[in-house]
Structure formats: structure tokens, C-alpha cells
Amino acid sequence: MDILANYGIVLIIVAAIFGLLMAIGIGANDVANAMGTSVGSKALTVKQAIIIAMIFEFAGAYLAGGEVTDTIRQGVIDTTLFADQPDLLVYGMMSSLLAAGTWLLVASYMGWPVSTTHSIIGAIIGFATISVGSEAVDWSSVQGIVGSWVITPFISGLLAYAIFVSAQKLIFDTETPLINAKRFVPVYMFITTMVIALVTIKKGLKHVGLHLTSSEAWICSILVSGIVMVIGYLYIYKKFADTEENHGFSNVERIFSVLMVITACAMAFAHGSNDVANAIGPLAAVVSTVESLGNVASKSAIAWWILPLGGIGIVIGLATLGHKVMATVGTGITELTPSRGFAAQLATASTVVLASGTGLPISTTQTLVGAVLGVGFARGIAALNLGVVRNIVASWIVTLPAGALLAVIFFYAIQAAFT
């Protein structure tokens, strides 16, 4: 207790630095979830992707990020076991941020798209096991996380496969692909906006004071989607009215590029709101425990400066190291065009919507990689770069133990520094 009273400010400042490092790691690695497919399919340049992601990742983190902080902190370990020794919880959360941030920066430098969620969970498990004992860990939730390594990529892969095949049959494999693109792409716009609107309304609007019931959320989503479909229909007909290239695919892909920009913005917002919790959850735990002089609360108000710190960190990481993971997801697994990239992104967004209803901290990275694999499979196994896929899967398996091992090392170092 004396340590929290004497070194409170120092602990908060150091934890904030580690939280910023973690947020930088999130930006550097997980930006591929939102932007990798857009850049790989050439719907956006790297510069455009970074600008869009800066705006929407920050908006998602700031407006909707507070929603998921308790899930990460409360689901994995039992914090009540730290009630008599709150300083251990503070050291542990600090070591978790530093461990997960370090692993993410290493993975980003290597170009591996790993899970930021699983990095921080692995780190929290590591410190809890050595500080209090394995009984502090909710092992059933860990089993769910390991299960999600298989389930979420499989679901998103199936969805992406189905969306891609539907676009092939309805548009590309017909005698008049451009005419059919004008007919069906507005329908895809409706479905895409519907998924995005549901994510935004359910996650974001609570933080700006709007609390909608499920039926009201669905009505709003249908209305917004209908408006977007009509605008998209008018825009596509006007933009591609004069061309006679009904048999060429270049204009069809240009129509899908419009869709890719919409889905990129949405994925960035959803991602910012979802994954900022990995940086601010442990940081909020440190701040509340120190400020209450050791009272380990099950829920805590997030200090005003924590959400902007997370958003700023994500933007820094994205602008500096993000391009490496973007290249792996966008071009390394399989060759993407706007229509293929759209199938992967819509499948990813849909899977995230399905999973967020269950409360499981799924990995958006694994969801997206599964979707890109699904698109590749639709074109045949030869379209996949199996060497890259093998490296990605290996990095997923290593992430939990790497986070745990680093957290153990940093926990002992931080504990030694303050005692």
C-alpha cells in the first residue's frame, strides 16, 4: 500500500508510457485488418489508407472504445484475488502492456499479422499465474480463445467464399458483367452498410448518449442502408453511363473499388472501437487502483486522457510500421482485386458482428486472414501462397506463450524496481 501512496504518480506515468507502446503495436499490426485488403487490391494507395485509418481508427477508439474495456480485464483473471496485494495487480498490468507491446512491435517488424487481443491475454495470464497462482486464471475462457483460432477464420473463410462465388455467378461469369454490376453492386452496398451500421450503433452510440433497443437499431440500420443503396445506384449509373465496355472487367472492378473504400472506413472504425481496449483496459486498471490507493474495483471509470492516448498510439504505429503487415495481408497470401478484397472485408465485418454478440474477445486479424484464405480457395489452392500461410499460423500459435513469457520477465523487473 505504501508503494501505491509514495510512487502513485510515477506508476501512472510509466503505465501510460507502456500503454502508449501497446497502442503503437496495435496500430502497427492490426491496421492490416482494416486496410490490408484495400491496399492489396489497389482500391487505395498506402498514403490514402493511412489517412482514412487515422481518421476512422481514432474516431472508433475515442467514440466507442470504452465499451469493451471490462471484457478484457474481467474475463480472463479473477481480480478479487489481488484485493490484499493491489501493488501486484498494478505491476502485473504494467508488465502485460509492456510485454504485449514488445511482442506486437517484433511481429510487425517481421510482417506477421498476429492477434493483439491474444497478445495481451497471454501476458495477463503469465503475470497472474506467477503472482497469485493458476487459480487466478479463468481457464474456460482461455479454452474459448484457443477454440476461436479455428472457429473464427473458418466462419469468415466460408462467408468470404460464398460472397466471392456469388459475385462471380451474378456478375463476372455473365455475358454483360457491367450491366449486372450496376444491378447487383447496390444490393451489396445495402448488405455492407447494414453490417457496418449495426456495429456502429451497437458499439458507438452508447458513448454519445444514444441508447437504442435492438429493434430500433435494426430499423435505423435498414433506413441508412436503403439510403446508401439508392445513392450508390444513382452514382454508379451516372459514373458508368457512357461506357460501352459491357464485356470488360476493368470497369466492374472500378465499381467494386467504390465499395472497398466504404468497407475500409467501416472496418477502421469498428477496429478502433474494439481493439483500443487491449491498450486502455490494463492502463485503466492501473490508474483506478493507484488513485483509490489499492481498492481493486471490478469496474472503473476511464480517466479522460486514456482514450485519446490509445487513439494517438494507434495512429503513430500505423503511420510508422503498418505498411509491413499491410503487405503480408494485401499481397502475400493471395492476389487481390477490388471484388476479392470486398468479399474478404464484408466477411470479416460480418463475423465480427456475429462474435461481438457472444462477448468472446476474437481476433480481427485471424478473422480477416481466414476471409482472405476463403477468397483464395474459391480460386483454387494454387492461388494461395502456402509458405506465407504457414508462417502466419505459426505466429498465431506462438503469440499467447510469447506474451506470457515476456510478461513474467517484465513483472519481476518492475517488481524489483519498485521494492
Shape metrics for region 86-225, restricted to C-alpha atoms - Rg then Dmax, Å = 22.0, 69
Region 135-180: spread of alpha-carbon positions along the three principal axes, whole Å, largest first, is 63, 12, 8
Would you indicate which of (1) 19.1; (2) 21.1; (3) 22.0 is the value of mean projected area of the Cα convex hull in nm² derived from the coordinates of this structure?
-> (1)
Segment ASN251-SER140, extension gain: residue separation times 0.36 nm, minus the distance between their alpha carbons = 34.9 nm
SASA check, PHE56, accessible area w/ 1.4 Å probe, all protein chains in place, rounded to nearest 10 Å², comes out at 70
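Could you tell me what percent of the accessible area of region 278-419 is made up of carbon and sulfur, with a 1.4 Å probe and every protein chain present? The partial results should precede the final answer.
On the way: 3580 of 5260 Å².
Heavy-atom surface of region 278-419 belonging to carbon and sulfur, 1.4 Å probe: 68 percent.
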To the nearest Å², the heavy-atom accessible area per residue of region 89-218 with 1.4 Å probe amounts to 39
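Tell me, what % of the accessible area of region 35-157 is carbon and sulfur with a 1.4 angstrom probe? The partial results should precede the final answer.
On the way: 2880 of 4260 Å².
Exposed carbon and sulfur together represent 68 percent of the surface.
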Could you give log10 I(q)/I(0) at q = 0.14, 0.18, 0.21 Å⁻¹ for region 292-419, computed by the Debye formula over C-alpha point scatterers of equal weight, without solvent?
-> -0.91, -1.23, -1.37
Under a 5 Å amide H to amide H cut-off, with H placed in plane at 1.01 Å, what residues pair with ILE77 once short-range neighbours are removed?
-> ASP138
Looking at region 288-352, which trypsin sites (Lys or Arg not before Pro) are DSSP coil and have at most 15 other C-beta atoms within 10 Å of their C-beta?
-> LYS299
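Just subtract the alpha-carbon distance of VAL398 and ILE13 from 0.36 nm times their residue separation and send over the number in nm, one decimal.
135.6 nm
The values are calculated or read from the model by the stated rules, or taken from the named source; none is laboratory data. Everything numeric here is computed off the predicted structure, so don't read it as measured data. When we count neighbours, we look across all protein chains shown, and the Cβ atoms used for this are built from the backbone with ideal geometry, even at glycine. All accessible areas refer to the heavy atoms of the entire protein, side chains included, with ligands and DNA or RNA removed. Shrake-Rupley method; radii C 1.70, N 1.55, O 1.52, S 1.80 Å.
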